[in-house]
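The values are calculated or read from the model by the stated rules, or taken from the named source; none is laboratory data. In this text the structure is predicted, and so the values were computed from the model without any measurement. Here the Cβ positions follow ideal geometry from the backbone for every residue, glycine too, while neighbour counts run over all protein chains shown.
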Amino acid sequence: MSPKSSLSLICVPVTEPSVGAFLAMSEAAVKSADAIELRLDYLSQEDLPALLTELPRRLDEWGKPVIITFRPAEQGGMRSLSLEARLDFWRNLPAVIVERIAYADLELDLIEHLDGRALLPWEKVICSWHNFDRTPGDLPALCGRMLRTPAAVIKVAAKCNRIDDCLSIFECIDLVRPDRKVIALGMGMAGLMTRVLALSRGALLTFGSLSRGAESAPGQPTVDELKTLYRADKLDSETEIYGVVGYPVAHSRSPLMHNAVLTALDRNGVYLPLEVLDVDSFIRDLVRPSTRKLDWKLRGLSVTIPHKLNVMKHLDFIDPVALQIGAVNTIVIEGNKLHGYNTDVNGAMSPLEEIVDLTGRHVAVLGAGGSARAICYGLSRRGARITIHARDQAKARPLAQEFSASVASLDGFKSDAAIIINCTPIGMHGHSEGQSPVPDADLSGVELVYDLVYTPKQTALLAQAERSGCRTLGGLAMLVGQAADQFRLWTGISDMAGVMWKALGGSKE
Ligand code: NAP
């Protein structure tokens, strides 16, 4: 792997349409970023002169590297600009500004049109190329074309529609780096890892937006996420990589929890959201040490929906608990081998066992899906008596048979169970927030209600249970429990649940 670039810059693009707002955003960006990119194409032709008049003084004040970009609409910019208008802009850019900026971003077509003639000193020119739709297969050839220009920096930004596209982006860094400085980024959620790992792999800079909604390209993390969550400017070729594999993964809380632990331990590691559609090619090309095409120190993976089952055929060893549940949520990379585990059972059971003894207790499990399966496994091992309440009792029967449970209706829920565990999504934010899976049930005799749903923290079911005087347990307990167990499997370090709770903004109580 290439060594890290001596300059590791997190660059914030300035993307406001009026002079006042543009300057205010620049001031804010300078405070949080190592460099800023002034996207002058965000300003109208009428506003541009006022900004250019103000700029020399501001550039002196800011004292950080500044890039100027004037992108035409067909290449992702905000202005409809003819080739002549673009040439005019760069020709007329005042010398006092050119002297003070670090770089000017000129698109490849413009530079090829110049045919070697200089509009600006070449040591200040970034030659850029963008594709907002896809990552073409011939990116290395394109890099070769860009390397034939005299530009000091080569920049490639392409939309990654599949995580495998990140391989081409990283290949660009490796290809360009011996000759020139390089910026190579994958746009979109599937490309996020290229943005986080760019600096560690030798790129000159990576872009972070000032805030959510101020992105200059899809999938751009915020500068705060890059610096604080991922520590993108601290990573290097020795960094251990962990991540969550799923589709979708943008909403996952796992990066928050695991990165908080890596930071608290001051460990050279990072945990990434990995948006994966095709788990077969992902395992072959990015994970399995003997076949992967990426040189990286991948140590472990969390596996989430929809891959918990179909990942199993790729594993060299599967823990008996995961085998019996029929789902893997954790992969540990041991030398050349991939080992699979399921930490959902322990994650769900540990917080429950801290509150009640499950032996011989009657537990009502609501729902008969994946998490109900892990819960039933854990309950049966602890000697609980289980009734599964499902909207479709026929679907619940095979599960009930496997764990010697009874089946009952969810609709019109009636039970003498001491404990109720909700394993349906009812009450979840974005699904049916505010609803309870058992809206008309009298919960007054129930000892404990456990809701696996964790957004919102206080679900309608938990509120209903509290009103009836029951003890309650929310889904964050399981989320933290299974994550802490994953971290232990990867690193041998236990007891990190407290840090994870804090990262989620909560505490056990
Ligand atoms: P799943 O495999 O899709 O199972 C969902 C179950 O809920 C199925 O039995 C389904 O019935 C039932 N269901 C769905 N919508 C329903 C409705 N409107 N009325 C009645 N029953 C309904 O999902 P899962 O993986 O078990 O996850 C379930 C929920 O648990 C998630 O939404 C999540 O909030 C929570 N969870 C939390 C954690 C944690 O760490 N805290 C971990 C895993 C899951 P059908 O089969 O008839 O559709």
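Which ones in the range 394-412 are more than 10 Å from the ligand (Cβ to nearest atom) and either among the polar types (S, T, N, Q) or under 20 Å from ARG361 (Cβ atoms) (or both)?
The answer is ALA400, GLN401, GLU402, PHE403, SER404, ALA405, SER406, VAL407, ALA408, SER409.
Evaluate the following for ARG91: is it under 24 Å from LEU52 (Cα atoms) and either touching a Ser or Thr at 6+ places or on another chain (Cβ under 8 Å) or without any contact (Cβ under 8 Å) to a residue 60 or more places away in the chain (or both)?
When the stated conditions are applied, ARG91 passes them.
Buried (at least 19 other Cβ atoms within 10 Å of the Cβ) and within 11 Å of the ligand (Cβ to nearest atom) - does that describe any residue in the range 490-508?
No: the range 490-508 contains no residue that is buried (at least 19 other Cβ atoms within 10 Å of the Cβ) and within 11 Å of the ligand (Cβ to nearest atom).
Output the number of residues of the range 462-472 satisfying the condition of being more than 21 Å from GLY430 (Cα to Cα) and either part of a helix (DSSP H, G or I) or within 12 Å of the ligand (Cβ to nearest atom) (or both).
The qualifying residues number 3.
Does SER350 count as within 20 Å of GLY474 (Cα to Cα), under 25 Å from the mean Cα position of the chain (by Cα) and either without any contact (Cβ under 8 Å) to a residue 12 or more places away in the chain or in a helix (DSSP H, G or I) (or both)?
no
Name the pairs: first residue in the range 373-391 and among the charged types (D, E, K, R), second residue modelled with pLDDT under 95, Cβ to Cβ under 7 Å, at least 6 apart or on different chains?
Once the first residue is among the charged types (D, E, K, R) and sits in the range 373-391, its partners that are modelled with pLDDT under 95 give ARG373/ILE325.
Within the range 413-461, which residues are within 14 Å of the ligand (Cβ to nearest atom) and touching an Asp or Glu at 6+ places or on another chain (Cβ under 6 Å)?
ASN422, THR459, LEU461
If ALA368 satisfies every condition in (1) assigned to a loop (DSSP other than H, G, I, E, B); (2) more than 10 Å from the ligand (Cβ to nearest atom) but one, which is the exception?
If we test ALA368 against (1) assigned to a loop (DSSP other than H, G, I, E, B); (2) more than 10 Å from the ligand (Cβ to nearest atom), just (2) comes out false.
Only one of these is crowded, with 17+ Cβ neighbours inside 10 Å and either more than 10 Å from the ligand (Cβ to nearest atom) or not assigned by TED's automatic domain parsing to the domain that holds VAL287 (or both): ILE331, ILE355. Name it. Even if it seems obvious, please write down each step before you answer.
Values: ILE355 fails: crowded, with 17+ Cβ neighbours inside 10 Å.
Sole residue among the options that is crowded, with 17+ Cβ neighbours inside 10 Å and either more than 10 Å from the ligand (Cβ to nearest atom) or not assigned by TED's automatic domain parsing to the domain that holds VAL287 (or both): ILE331.
Any chance you could count how many residues in the range 77-88 are among the aliphatic types (A, V, I, L, M) and either on the phi > 0 side of the Ramachandran plot or free of Cβ contacts under 8 Å to residues at least 24 places away in the same chain (or both)?
Selection size over the range 77-88: 1.
Return the residue satisfying two criteria in turn: it lies in the range 293-311 and is over 25 Å from LEU262 (Cα atoms) and surrounded by fewer than 17 Cβ atoms within 10 Å (Cβ to Cβ), and of such residues it is modelled with the highest pLDDT.
Restricting to residues being over 25 Å from LEU262 (Cα atoms) and surrounded by fewer than 17 Cβ atoms within 10 Å (Cβ to Cβ), the top hit is LYS293.
Go through the range 277-297 and give me each residue that's among the hydrophobic types (A, V, I, L, M, F, W, C), touching a residue at least 40 places away in the same chain (Cβ under 8 Å) and under 16 Å from GLY246 (Cα atoms).
Those that are among the hydrophobic types (A, V, I, L, M, F, W, C), touching a residue at least 40 places away in the same chain (Cβ under 8 Å) and under 16 Å from GLY246 (Cα atoms): LEU277, PHE282, ILE283, LEU286, VAL287.
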